[in-house]
Amino acid sequence: MRFAEHWMGCTVAALRDVAPSIREITLSPDAPVAPYPLGSHVNVGLLIDGQPQTRSYSLVGERQPDRLRIAVRLAPDSRGGSRAMWNLQPGARLEVSSPSSLFEIDWTRNTYCLIAGGIGITPITGIAGALKQREGIDVRLHYAVKSRAEAAYLEELSELLDDRLIVHASDETARLDFAATFAALPADAIAILCGPMRMLEAARRAWNDAGRAPTDLRYETFGSSGLLPTAEFRVRLKDSGAEIVVPQNRSMLAALNDAGYEVMSDCERGECGVCAIDVIAIDGEIDHRDVFFSDHQKQENAKICPCVSRAIGTVTVDTLYRPDAI
Ligand code: FES
């Protein structure tokens with residue numbers, strides 16, 4: 001059960017591989033898209049293994065009313081979304097939600113520290129472009145990648161930012177040192193990050209250790225980036241004891257809703273907390289993939305965001321769904 005959002009029809013207009021495992025997909029909406037915040041994402045409706053599902057992708061580059069660009073990494077460990085997106089051909093039709101952003105960027109600062117990890121570069125491209133056009137703004141982009149050969153949009157970003165682009169390639173042992181990076185920032189600086197969960201956690205720790213205002217670190221992450229492998233697991237329902245299997249290619253939220261245990265949701269990206277449900281017991285391990293709960297709350301394992309988080313083994317939950325009470 002998801003809060004209402006506006007959907008529109010789009011046609012796949014063009015495909016372009018921007019790295020060996022990253023494909024840019026240009027969509028042509030049926031009607032002009034209203035202005036939206038830079039760094040926005042869209043939800044895309046897909047049929048995966050015969051099941052209707054949605055996946056979220058950030059928009060690349062500058063705003064265009066008649067074009068939406070997304071980039072999709074082919075992830076072997078995914079729940080099937082990237083495979084479905086890579087199978088698209090020009091002319092294919094898709095339902096896409098209106099763009100929206102969770103970054104809430106303060107555009108009045110003088111210093112911006114942009115940080116991207118892998119495919120997290122996608123929303124950062126448009127933000128970097130907009131900041132670069134403004135006078136007197138100090139903007140730097142730290143781009144962490146496995147190798148330069150696998151880095152999407154490297155050439156465009158080099159042209160845009162020149163020496164303000166710092167590439168941290170793992171195969172060059174140039175790892176991003178968050179503590180040193182944040183220590184070098186002036187007091188009014190804001191950091192904007194998009195990357196996998198592990199990166200975000202490291203950045204949040206360093207940001208807090210540096211004594212900076214938590215609200216000056218803005219971020220998005222990918223709900224698919226957990227610390228444990230994406231595998232099938234079981235959910236046991238408190239009271240009834242019913243057990244549901246969550247397949248590798250379905251979210252726990254979808255599996256619960258499919259089985260008739262309705263859970264309210266909104267973002268379905270692990271960001272809003274609307275879907276959070278109580279954890280009663282764990283026989284195995286929970287992989288918290290949300291950015292809603294703090295590290296401390298995740299360690300407590302008292303709640304889980306089933307839209308993105310998963311488990312290994314069996315997790316017993318209370319969805320608070322009581323059909324008799326309705
Ligand atoms: S629906 Fe927003 S965190 Fe799950």
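The table below gives the values:
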item: Residue within the range 280-299 that is within 14 Å of the ligand (Cβ to nearest atom) and at pLDDT 95 or above present; result: no
item: Qualifying residue in the range 27-41 (condition: over 24 Å from Arg218 (Cβ atoms) and crowded, with 19+ Cβ neighbours inside 10 Å); result: yes
item: 3 or more residues hydrophobic (A, V, I, L, M, F, W, C) and modelled with pLDDT of 90 or more: qualifying strands (runs of 3 or more DSSP E) within the range 11-108; result: 22-29, 41-48, 68-73
item: Single residue of Ala128, Ala71, Ala116 found to be open to solvent by less than 10 Å² (accessible area, probe 1.4 Å), closer than 15 Å to Cys194 by Cα and free of Cβ contacts under 8 Å to residues at least 60 places away in the same chain; result: Ala128
item: Any chance Leu185 is touching a residue at least 40 places away in the same chain (Cβ under 8 Å) and open to solvent by 70 Å² or more (accessible area, probe 1.4 Å); result: no
item: Number of positions in the range 302-313 that are at positive phi and either within 16 Å of the ligand (Cβ to nearest atom) or among the hydrophobic types (A, V, I, L, M, F, W, C) (or both); result: 0
item: Considering residues of the range 238-272 that are of a type in the set (A, V, I, L, M, F, W, C) and within 9 Å of the ligand (Cβ to nearest atom) only, the residue modelled with the lowest pLDDT; result: Cys267
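The values are calculated or read from the model by the stated rules, or taken from the named source; none is laboratory data. What you see is a predicted model; the values in this text were computed from it and never measured. No Cβ is skipped: glycine too gets one built from the backbone with ideal geometry, and neighbour counts run over all protein chains shown. Keep in mind that these areas ignore ligands, DNA and RNA; they rest on the heavy atoms of the full protein, side chains included. Shrake-Rupley method; radii C 1.70, N 1.55, O 1.52, S 1.80 Å.
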